[in-house]
Amino acid sequence: MVAITPYKWKDPASLPLRGEDWRDKPALEDVDPKIMEWMRQAAGAHGILTEAADAAAQATPKAANDNKPLPFLNPADWHGQPVPTRQWFLEGLIPARHVTILAGDGGVGKSLLALQIAAASAMSCETLGTRPAAGRALYLGAEDEADEFHRRLAEIADGHERSLADLSDLRLIPLADRDALLAVPDRSGNMTKTAVLGSLIELVTDFRPGLLVLDTSADLFGGDEIKRVQVRQFVAMLRTIAIDCDVAVLLLSHPSLQGMQSGSGSSGSTAWSNSVRSRLYLTHAKEDEDGRLLTTKKANYGKLGNELKIRWRDGMFVPDDGKPSPAAGLLKQRAVETFRTLLSTINRAGIRVAPTKGVNYAPRVLAERKDAGGIKAKQFEEAMQQLLDDGLIKVVLEGPPSRPRQRLILSSEDYGPQDAES
């Protein structure tokens, strides 16, 4: 057998002739220069390909569980043990320790809805006719600045008869002015976490929220939404956070044009829906600009197709089921009490207001006062009608009989000579 000795090609111009020292000029002057140039280029290309192959091999990620033993459970070991209760962050909608997608077209209010749910959790109160798990909440928003969060939360807190001071268990991460990508594909197309995701994991680990809102996937996912592997890898990263940090993750997303037309609310690869355990879709109600419909499009642990009718009112969402919500009831009662207080104050100051529309229309005059607490004229109008119906306020006539003027007063503070009805 002939032994083959490995040989590494060298440029002939660098080789000495037999019997000559290495420093002597090689005797290849008669070789065609084009052939010499071709040999040099071939050698250079070989080196480039070798380096690229080595780099690709080093960049190929290894499986996450390479060094971990597989879980190997025997269900018989559970005999006699209590069955764990399924945990929900928001009953029937957002399961605990899982990733839920909330989809909605731009401008429908999904960011407001998610913020309202997070705020209700932090304030430990009911909202939308249901009660999220009380505790800390963390909201990462890639589309809104801090001032927008301030405005929205002021209205949400006010709508629940609370103040911003009651939101000490809520934290915000506004990233509208910076890159918010949590994961991007490497040269092999596999998703890798960014420094932003690393910082987020540290914050979640330290703060320990019960809810993590991520708004929105278009700003946070750096891969191709139609590539199933990349989508599943990204959702798996979020699921790991949910499990390791015991937090419900709510990922907001925009539906595709096809998803809106079909009513599915989906976008890109089916892996988005298949990789989560709950998927919600928020849409506008037909022929009602303030109405919304929250539909359960996927529910591994609940009932599929559930619908929650809600309505935008005074900067927040309230149930639209024909029944007064707790939040709406609080707002109405506050308007009634404020109306009575201000009416007494202005009457004692000699200011006259009336129940009929004009320059002295009571709801408008009260709403323009600094001590009205932000209550709108429409709310004062409803409060005035309720107080009139209940007999707690009344209309009296003032001035000469030839030109009487109406004054609205508290029934317990009758300043007028006679009632308007007498």
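The values are calculated or read from the model by the stated rules, or taken from the named source; none is laboratory data. Computed from a predicted structure; not experimentally measured. All Cβ positions, even for glycine, are placed from backbone atoms using ideal geometry, and neighbour counts span all protein chains on display.
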Exercise. Across the stretch 155-206, what is the total count of residues that are of a type outside the set (A, V, I, L, M) and closer than 30 Å to ALA335 by Cβ?
Worked result: 10
Exercise. Any chance the stretch 116-128 includes a residue that's closer than 23 Å to VAL247 by Cα, in contact with a Leu (Cβ under 9 Å, 6 or more places away or on another chain), in contact (Cβ under 8 Å) with a residue 24 or more places away in the chain and assigned to a loop (DSSP other than H, G, I, E, B)?
Worked result: yes
Problem set entry | Lone qualifier among VAL336, VAL318 - being out of contact with any Ser or Thr (no Cβ under 9 Å at 6 or more places or on another chain), over 24 Å from SER267 (Cβ atoms) and aliphatic (A, V, I, L, M) | VAL336
For this session: Please determine, by comparing only the residues of the stretch 155-174 that are touching a residue at least 40 places away in the same chain (Cβ under 8 Å) and aliphatic (A, V, I, L, M), which one is farthest from GLY210 (Cα to Cα).
Result: ILE156
For this session: Please indicate, with yes or no, whether at least one residue in the stretch 231-254 is touching a helix residue (DSSP H, G or I) at 6+ places or on another chain (Cβ under 7 Å), assigned by TED's automatic domain parsing to the domain that holds ASP169 and hydroxyl-bearing (Ser, Thr, Tyr).
Result: yes
Problem set entry | Verdict on SER262 being loosely packed, with under 15 Cβ neighbours inside 10 Å and among the hydroxyl-bearing types (Ser, Thr, Tyr) | yes
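So if I check each of GLU368, GLU381, which one is among the acidic types (Asp, Glu) and out of contact with any helix residue (DSSP H, G or I) (no Cβ under 6 Å at 6 or more places or on another chain)?
Among GLU368, GLU381, only GLU368 is among the acidic types (Asp, Glu) and out of contact with any helix residue (DSSP H, G or I) (no Cβ under 6 Å at 6 or more places or on another chain).
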Exercise. Which of (1) out of contact with any His (no Cβ under 7 Å at 6 or more places or on another chain); (2) surrounded by fewer than 19 Cβ atoms within 10 Å (Cβ to Cβ); (3) in contact (Cβ under 8 Å) with a residue 40 or more places away in the chain is the odd one out, the single condition GLY106 does not satisfy?
Worked result: (1)
Exercise. Just a yes or no: is a residue in the stretch 265-277 at pLDDT below 95, surrounded by 18 or more Cβ atoms within 10 Å (Cβ to Cβ), over 20 Å from the mean Cα position of the chain (by Cα) and not aliphatic (A, V, I, L, M)?
Worked result: yes
Exercise. Can you name the residue in the stretch 164-202 that is at pLDDT 95 or above and hydroxyl-bearing (Ser, Thr, Tyr) and is also nearest to VAL235 (Cα to Cα) among such residues?
Worked result: THR192
Seminar exercise, completed: The strands (runs of 3 or more DSSP E) lying wholly within the stretch 171-273 that contain at least 1 residues that are within 24 Å of GLY135 (Cβ to Cβ) are 211-215, 248-253
Seminar exercise, completed: Within the stretch 129-150, residues surrounded by 15 or more Cβ atoms within 10 Å (Cβ to Cβ), outside any loop (DSSP other than H, G, I, E, B) and among the hydrophobic types (A, V, I, L, M, F, W, C) come out as ALA137, LEU138, LEU140, PHE149
